[in-house]
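Heads up, the thing below is written out as structure tokens.
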Amino acid sequence: AIKVTGDNYDLKKWYARSLSDLGMIYDVFEEYKEALRLLHVSLSIRLELGNDNDTGETIHNIAYVKQSLGKYKEALELEEKSLKIFEETGNKVWIGICYHQIGYTKRMLGENSNAMHYYKKSLKIVNEIGNKSSEASTLINIGRLEEVAGRMDAAIEYYELGKKISEQLGDKEGM
């Protein structure tokens, strides 16, 4: 393992990014303990460096792993903390991502009306910034909520919109 010491800001910044990225790879392979370990080391470095956007990203990533573990209440607390950081910095890309993830977490907690609220907030932002991939994903998740609520016509409409965007992007997994 590499140990970074001293005052080399750039080296520490990239080391923290690498740890965060590696943590997310461990999440994909369902190695959650190692994912969280790496993410917490990344977070401590990012807090030391004082870059709010990087700190918010790592907190978001920890929340994501907590979702993978089914720890939705912990994930929600972390995602809300991450959202607050991005609202303070005005980072619309990450605000949209956080709204989406809060929507997902609320849905997993059975809070479908709150989930819908956050998905629609996410949809508004991803439309503003032109993030088509996130738009497709959010539309599909809204469709799921409409389906669960028994509003099949609305569900089909959202699914079709999400499918159309996914096809335009060549994203076969998003469909």
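With θ set to phi - 60° and the Karplus curve 6.51 cos²θ - 1.76 cosθ + 1.60, what are the ³J(HN,Hα) couplings of the stretch 101-118 in order, to the nearest whole Hz, using x for Gly and Pro?
Whole-Hz 3J(HN,Hα) from phi for the stretch 101-118: 5, 5, x, 4, 5, 4, 4, 5, 8, x, 9, 5, 5, 5, 4, 4, 4, 6.
Please report, in debye to the nearest 20, how large the charge dipole of the stretch 24-149 is about its Cα centre when each Lys and Arg carries +1 at its beta carbon and each Asp and Glu carries -1 there. Working shown, then result.
Details: 16 positive and 19 negative charges, 58 e Å.
Here the stretch 24-149 has a charge dipole of around 280 debye.
State the extension gain, in nm to one decimal, for the chain segment bounded by Phe29 and Ala149, taking 0.36 nm per residue of separation less the distance between their alpha-carbons. Mind showing how you got there, number by number?
Values: separation 120, 0.36 × 120 = 43.20 nm, distance 3.33 nm.
In short, 39.9 nm is gained.
Listed highest first by mean packing, meaning other Cβ atoms within 10 Å per residue, what order do 128-138, 55-65 come in?
Numbers: 128-138: 17.5, 55-65: 24.1.
So the peptides 128-138, 55-65, ranked by packing, come out 55-65, 128-138.
Please compute the per residue accessible area over the chain with all protein chains in place, 1.4 Å probe, rounded to a whole number of Å². Please report the intermediate quantities before stating the final value.
Values: 9850 Å² over 175 residues.
Normalised by residue count, the accessible surface of the chain is 56 Å².
Which residue, chosen from Ser82, Leu123, Ile95, occupies the Cα position most advanced towards the positive end of the dipole of the chain, where the dipole is computed from +1 (Lys, Arg) and -1 (Asp, Glu) charges on Cβ about the Cα centre?
With unit charges placed on the Cβ atoms, the residue in question is Ser82.
Computed FRET efficiency, Cβ-Cβ of Lys120 and Asp21, R0 41 Å: what is it to the nearest 0.05? All intermediate terms of the calculation are to be shown ahead of the outcome.
Details: r = 30 Å, r/R0 = 0.74.
In this case the efficiency is close to 0.85.
In whole percent, how big is the carbon plus sulfur part of the accessible area of the stretch 105-166, probe 1.4 Å, protein atoms only? Please report the intermediate quantities before stating the final value.
Working: 1600 of 3250 Å².
Ligands and nucleic acids excluded, carbon and sulfur give 49 percent.
Around Lys164, with a cut-off of 12 angstrom between Cβ atoms, what is the net charge of the other residues, counting Lys and Arg +1 and Asp and Glu -1? Numbers along the way, then the final one.
Details: positive: Lys132, Lys163; negative: Glu135, Glu157, Glu160, Glu167, Asp171.
Residues close to Lys164 contribute a combined charge of -3.
The values are calculated or read from the model by the stated rules, or taken from the named source; none is laboratory data. Just so it is clear, the structure is predicted and the values come from calculations on it, not from any experiment. Using ideal geometry, Cβ is built from the backbone for each residue, glycine included, and neighbour counts are taken over all protein chains shown. Areas reflect the complete protein model, heavy atoms only, side chains present, ligands, DNA and RNA absent. Shrake-Rupley method; radii C 1.70, N 1.55, O 1.52, S 1.80 Å.
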